[in-house]
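Below you'll find the structure, written out as structure tokens, and then a few comments.
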4 protein chains.
Amino acid sequence: MITFGVIGYGYWGPNIVRNFMGIDDVTVCSIADKNPDALKRASKACPGVELTDDYTAITGSPDIDAVAIVTPVSMHFELAKEALENGKHVFVEKPFTATAEQAEQLIELAEKNKLRIMVDHTFIFTGAVRKIKEIIDTGELGDIYYFDSMRVNLGLFQHDVNVIWDLAPHDLAIMDYLIPEKPVAVSATGAAHFNHGMENIAFLTVYFPNNIIAHINVNWLSPVKVRTTLLCGQKKMLVWNDLEPADKIKIYDKGVDINSTEGVYNLLVSYRSGDMWAPKVDQTEALKLEVQHFIDCINNNNGGPNANDGYAGLSVIKMLEASNRSLQSRGCVVEL
Amino acid sequence: MITFGVIGYGYWGPNIVRNFMGIDDVTVCSIADKNPDALKRASKACPGVELTDDYTAITGSPDIDAVAIVTPVSMHFELAKEALENGKHVFVEKPFTATAEQAEQLIELAEKNKLRIMVDHTFIFTGAVRKIKEIIDTGELGDIYYFDSMRVNLGLFQHDVNVIWDLAPHDLAIMDYLIPEKPVAVSATGAAHFNHGMENIAFLTVYFPNNIIAHINVNWLSPVKVRTTLLCGQKKMLVWNDLEPADKIKIYDKGVDINSTEGVYNLLVSYRSGDMWAPKVDQTEALKLEVQHFIDCINNNNGGPNANDGYAGLSVIKMLEASNRSLQSRGCVVEL
Amino acid sequence: MITFGVIGYGYWGPNIVRNFMGIDDVTVCSIADKNPDALKRASKACPGVELTDDYTAITGSPDIDAVAIVTPVSMHFELAKEALENGKHVFVEKPFTATAEQAEQLIELAEKNKLRIMVDHTFIFTGAVRKIKEIIDTGELGDIYYFDSMRVNLGLFQHDVNVIWDLAPHDLAIMDYLIPEKPVAVSATGAAHFNHGMENIAFLTVYFPNNIIAHINVNWLSPVKVRTTLLCGQKKMLVWNDLEPADKIKIYDKGVDINSTEGVYNLLVSYRSGDMWAPKVDQTEALKLEVQHFIDCINNNNGGPNANDGYAGLSVIKMLEASNRSLQSRGCVVEL
Amino acid sequence: MITFGVIGYGYWGPNIVRNFMGIDDVTVCSIADKNPDALKRASKACPGVELTDDYTAITGSPDIDAVAIVTPVSMHFELAKEALENGKHVFVEKPFTATAEQAEQLIELAEKNKLRIMVDHTFIFTGAVRKIKEIIDTGELGDIYYFDSMRVNLGLFQHDVNVIWDLAPHDLAIMDYLIPEKPVAVSATGAAHFNHGMENIAFLTVYFPNNIIAHINVNWLSPVKVRTTLLCGQKKMLVWNDLEPADKIKIYDKGVDINSTEGVYNLLVSYRSGDMWAPKVDQTEALKLEVQHFIDCINNNNGGPNANDGYAGLSVIKMLEASNRSLQSRGCVVEL
């Protein structure tokens, strides 16, 4: 039996609690939040769980094996550090930390103490992303050309981070998971339409080796909700529309074949257009699979790399940091 | 009666010819193309029109009042210059010229010779764009925050220009027409997946004063066709989906109101979400209105500025030139 | 405080329980179901509520003021009758009863005992239907011409009723609520593709005075889910697509004006096509409003007619009965 | 070389002329229409073709081999009869004739004179319908359960026929082509909202052996355009949305398997839900293929049955006649 404490019971915390509670050999024994309203909600939803407004009651408790940190990002480092120092495994909300340096310290500390640290990159546990990964791995798409993602709606303005830090971690984690190459540079542009200087609309380009390119369009101020990713390979092309209730993923037998033996002006482009195919996508709740995965890793003392381990979190934070620097120069490329 | 010669009878030329022919006091007397197949098509479609493979037969003819240039962009400058020097009004396909300097020379020449020069920015004559302009002018959207456009499909690879020069002139012309401010800087990223070094996917950010920002996503290698523009104002937001057969424009009574009297952490954001409205859009063929407009300008000797005059063409070329420079540095901002 | 017993805890029962529990002055004290698995689920979800497999423990309990009957339709009459005879208000799942005669007996019994009986026509409490009703009442659509509804998907085959009894009660209740005239006749066609003789696809036409016509297409065996209603009036037309996450209702300023002063062959038809408008729709859970309405009626001892009272339930049952007779003759009209 | 005369140059006539003209060994030598405006349009579009307002100039001309009749249905019989009696092959617009008796006479006359008579059931030559036929013929869908088609929009009110005669011939011809069984009975309901008594909205059910059922929803008074057909088989299900620019046909690996060895209440229904597949659909203009097919039949003196021969036209007319009788009794079934 693994005993859990959860710090933070705001928007996402209840989902974390519900899913950890759903696992057979896990107990959630304690929930902490500074906000009395949050604790009130927790007391209704989780009768019998200990409630506290003191985070150290969780990070320091001798009865707790693992901690889930579901607070604003500015508190992630301090809380995770304390928990790791006290011998607890840690599950941290995305984005992992406020800086890459903090992420590196946490990874080091976890390794030293032989503890698991994992970042809540929920999307890579969705049926859609797992299916796309599977399709890429079979080679059906061929070499990847680009990844182009749009994640916009009339969203909640965050006070402490801009729209890239809020929304792009989803896309960056997915991109990292799907594209076999490592990103090498970032260019970001955007605008802040209100006086606190935090971008509410932004556009991120990520460069990879071999001309692979990724682009992410994030926006808190859109009249319509869009969650669409284009993923184009040499052989086939894929569209993932996460808002479709059915047929979220469509694979098009479309593309161009280029024979350019005689130089630019004799370029022979032939266009292919064939059938489309929409594979069935598993509907299991992603967070359920993700927390089960965390528990499995703890139980198996599996020290190997994982799709959402500290290094995966670190990779996203490096791109976020680079995007901030690029934003300041209105798009100048920042090497990773 | 205005007598017209048309140079270039490839993909778009037939539409130009058909629309000029449709105007009462216009005659198309001559069509030139180097390609014998093009002339063969022209002979079938336009019995009675003189055909030639010699462009100077048109630019130099004493019987011709006006010339439409529908060739690849590399030839625009030379042909337009010759026509203007021979006293002919000129209608040029987009993009206007290969360089801003060429555009400036043509504008100067036309003004000196009291001739009209116009660029085929067809989209600003569509019912959709005219309606959006009308809506913006009434103030219904409030101050503009951003313009975000996506124009992608499995498109024809051009040999002489990249995807920005091919597709973005549409969006840049529309953007210039709709946004009252003047663009001040450009950042562009993209990738060329084939060995001729021309980008087939690219992302363009255009900066304006007052935090207005525009973004344009163009792509010749997309499995699905998308032609969507988000246009967000302080009061309302607009979505234009040009692929919708009906209800192309939707105006959302949505947005956020921000009261930030007490600093970032006391930011009070209130969200508005009301009705949606889709105005009826005029279905008249845009090119028909555009060529009629060109003829009206010639007839009225109207020397004032026009939405698609040489200066409008020049503005687009300046942004295209800047985008090329920015692409070379992988996104560094280029002032206009 | 009103004390409730709920009979039936299958697919829909938990929603009923949750919503009654959510009302301040209501207690759900007892849940009955013959199925031990259902009771097990109830014990987890509703700790503290008494559980039983004996329905008479609820219909006969002196401590219970009102009963919700959420069982298969074949048991509605007997259970409702017992509850009413024991002085309890009754909330019955749709369809109200298995026969019109049963419905009439229950209405009479409730009136005699001054008790409320209500049928769970949830849809008429949705934001969409309430908004459509409001629009019709303002006269914006003009006189109604037709109501055409499609409700199909790969649905659960019911064992005891055909697809009309399962799905059409939604549409019939909505239709009754929206169309001011009373239906006069029914024609139904359909087919049963499996050997138990229950139609799994069926088409229902309902005739009204003044040439108003309604049509309902219900189907358990469709590859795609459709929930769309066309509602056409003399002045404007409305489309309600319940699967749209936003903009569920669209009102089109479209139609025809006919001047036929000189007979058929000189009929002058002029077509109108104007703006489209999508009003904001309230998102409150319909069942929450409905159960609150039931409680209000009990508290106010409000004896007047209600949109989902016994008479509303009876009207639907009469049409269902007529549809069964019409199905047997493959479409012959049955007067109501 | 086959010489053609075309009678009727209204809405559809120009398409017929253009397509016959496009065939190498066909000449359109003459066009007839009573309406001077129609002849004026013809003179512009077809310089060199003889024009007349006298139909007998075509049906009686010794220089004409074949006649296309593109007039209102009331004139089909007389014109086709005259043409056949004068030794001409006949291509008739749908619906074939005003009565089944007329259709039978024309078939007999054509056979006696060894002439071809064909009905313009354009849709069965579309890439979509040909692909669906191919899919059915491979057995991929399994035995057909139902065909459910919706064809509605704000359409032109016809003066001489109701909406079933105007729109349903498309669906009935497609249905006849796709479903291997022969229809046995019809039930039709509908309403006429204007004073000439012609239904502008109607619903048609067609019964086949083996519980196969078809349903057709036609409507001239819909705010939105819908052209969708559901086709469900024992193994797979198909949706054809003719308004989709791409992916018009989608095949769902979905369905139910029913084991009912122990009677109704022990019915075991298992639901299947797998991948979706959208085959590429040929984009060739259907009318082009159809007129080529007509010419091929003439040239090959091919006397065998064809998908759109007189018998195919007759089958549709029988169902239309039956639907009229059923409409009069508000839905009573009419045997075919």
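Ordered by residue, what ³J(HN,Hα) values in Hz, to whole numbers, does the range C:60-77 give under the Karplus form 6.51 cos²θ - 1.76 cosθ + 1.60, where θ = phi - 60° and Gly and Pro are x?
x, 5, x, 8, 9, 8, 8, 10, 9, 10, 10, 10, x, 4, 4, 9, 4, 4
Averaged over A:321-330, how many beta carbons belonging to a partner chain fall within 10 Å of each residue's beta carbon?
Counting other chains' Cβ atoms within 10 Å and averaging over A:321-330 gives 2.
Take the range D:87-219, drop everything but the C-alpha atoms, weight them equally and run the Debye formula without solvent; then report log10 I(q)/I(0) at 0.10, 0.19 Å⁻¹ to two decimals.
With one equal scatterer per Cα and no solvent, log10 I(q)/I(0) is -0.40, -1.22.
Roughly how big is the protein assembly as shown's charge dipole about its Cα centre, with Cβ charges of +1 (Lys, Arg) and -1 (Asp, Glu), in debye to the nearest 20?
0 debye
Select from A:HIS215, A:PRO169, A:LEU141 the residue farthest towards the positive end of the dipole of the range A:113-236; place +1 on Cβ of Lys and Arg, -1 on Cβ of Asp and Glu, and compute about the Cα centre.
A:LEU141
Tell me the volume per residue, in Å³, of the convex hull enclosing the alpha carbons of the range B:2-115.
That works out to 89 Å³ per residue.
When the Kirkwood radius is taken over all Cα pairs of the protein assembly as shown, what Stokes-Einstein diffusion coefficient follows at 4 °C and 1.567 mPa s, in µm²/s?
37 µm²/s
What is the minimum Cβ-to-axis distance for chain B, in whole Å, where the axis maps B onto D, and to which residue does it belong?
Spelled out, residue of B and its Cβ distance from the axis onto D: B:PRO47, 4.
Only Cα pairs under 8 Å and at least 6 apart count here; give the relative contact order of chain B as a rounded whole percent.
18 percent
Go through C:139-147, A:315-323, B:232-240 and give me the packing order, highest mean Cβ count within 10 Å leading.
A:315-323, B:232-240, C:139-147
Using the 7 Å Cα-to-Cβ label point, sort the distances from A:ASP160 to its equivalents in the other copies shortest first and give them in nm to one decimal.
Computed spacing set for this position: 5.5, 5.7, 7.8 nm.
Near the amide H of D:PHE91, under 5 Å away, which other amide H atoms are found, from residues 5 or more places off or on another chain, if H is placed in the peptide plane?
Result for D:PHE91 returns D:VAL67, D:ALA68, D:ILE69, D:MET118.
Measuring from centroid to centroid over Cα atoms, what is the spacing of the range A:6-65 and the range B:44-73 in Å?
Here the answer is 79 Å between Cα centres.
In a GNM of chain D with a 10 Å cut-off on Cα contacts, which of D:PRO95, D:PRO62, D:PRO47 has the highest mean-square fluctuation?
For chain D, modelled as a Gaussian network with Cα springs under 10 Å, the answer is D:PRO47.
Could you pull the copy-to-copy label distances for C:ASN211, with points set 7 Å along Cα to Cβ, in nm to one decimal and sorted shortest first?
Distances to the matching label points in the other copies: 3.9, 5.8, 6.5 nm.
Please compute, for peptide D:242-249, the average count of beta-carbon atoms on other protein chains lying within 10 Å of each residue's beta-carbon.
The per-residue average across the peptide is 2.
Springs between alpha-carbon pairs under 10 angstrom, Gaussian network model over chain C: which of C:ASN153, C:ASN19, C:ASN299 fluctuates most?
Checking each option, the largest mean-square fluctuation is seen for C:ASN299.
Taking chain B as a Gaussian network, Cα atoms linked when under 10 Å apart, which of B:SER149, B:SER326, B:SER222 shows the biggest mean-square fluctuation?
Residue with maximal mean-square fluctuation among B:SER149, B:SER326, B:SER222: B:SER222.
For chain A, what are the per-bin percents of Cα-Cα distances with bins 20 Å wide, up to the bin holding the maximum?
29, 56, 14, 1
So for chain C, taking the charge dipole from beta-carbon charges (+1 Lys/Arg, -1 Asp/Glu), which of C:CYS46, C:ASN306, C:VAL28 sits furthest toward the positive end?
My answer, from the dipole projection, is C:CYS46.
Under 5 Å between amide hydrogens, which residues at least 5 positions from A:LYS280 or on another chain qualify, with H placed 1.01 Å from N in the peptide plane?
Hits under the 5 Å cutoff: D:ASP275, D:MET276.
Taking θ = phi - 60°, what integer Hz values does the Karplus form 6.51 cos²θ - 1.76 cosθ + 1.60 yield along the range B:324-336, in sequence order, with x for Gly and Pro?
4, 5, 5, 4, 5, 9, 6, x, 5, 5, 10, 6, 8
From the helices alone, meaning DSSP H stretches of at least four residues, give me the mean residue ellipticity at 222 nm for chain C, per-run term -39500 (n - 2.57), in deg cm²/dmol to the nearest 500.
Result for chain C, helices only: -9500 deg cm²/dmol.
Under the Karplus relation 6.51 cos²θ - 1.76 cosθ + 1.60, θ = phi - 60°, what is the ordered set of whole-Hz ³J(HN,Hα) values for the range C:243-256, x standing for Gly and Pro?
Calculated HN-Hα couplings, in order: 8, 5, x, 10, 6, 5, 10, 10, 10, 9, 7, 9, x, 10 Hz.
If the only charges are +1 at each Lys and Arg Cβ and -1 at each Asp and Glu Cβ, what is the size of the charge dipole of the range B:2-115 around the Cα centre, to the nearest 20 debye?
360 debye
Which three semi-axes in whole Å describe the equivalent ellipsoid of the range D:284-336, each the square root of 5 times a Cα gyration tensor eigenvalue, listed largest first?
33, 13, 6
In nm to one decimal, list the spacings between the C:LYS34 label point and its equivalents in the other copies, with label points set 7 Å along Cα to Cβ, shortest first.
Computed spacing set for this position: 5.7, 7.1, 8.7 nm.
Please flag any cysteine in chain A that has no other cysteine's Cβ under 4.7 angstrom from its own Cβ.
A:CYS29, A:CYS46, A:CYS232, A:CYS297
In peptide C:155-165, how many Cβ atoms from other protein chains are near each Cβ within 10 Å, on average?
2
Out of all DSSP beta bridges in chain C, what portion is antiparallel? Express it as a percent rounded to 5.
60 percent
Could you list which residues have their amide H under 5 Å from that of A:GLY233, counting only those 5 or more apart in sequence or on another chain, with H placed in the peptide plane?
The answer is A:TYR145, A:LEU238.
So how strong a dipole does chain A carry about its Cα centre when Lys and Arg Cβ are +1 and Asp and Glu Cβ are -1, to the nearest 20 debye?
With only Lys, Arg, Asp and Glu charged at Cβ, the dipole is about 700 debye.
What net charge is computed for the residues neighbouring D:THR99, neighbours being all others with C-beta under 15 Å from the C-beta of D:THR99, Lys and Arg scored +1, Asp and Glu -1?
Around D:THR99, the surrounding residues sum to -2.
In the neighborhood of C:ASP176, defined by Cβ-to-Cβ distances under 14 Å, what is the net charge if each Lys or Arg adds +1 and each Asp or Glu adds -1?
+1
Every number here is computed from the coordinates shown, using simple stated rules; none is lab data. This one's a predicted model, so the numbers in the text were calculated from it and none came from an experiment. Using ideal geometry, Cβ is built from the backbone for each residue, glycine included, and neighbour counts are taken over all protein chains shown.
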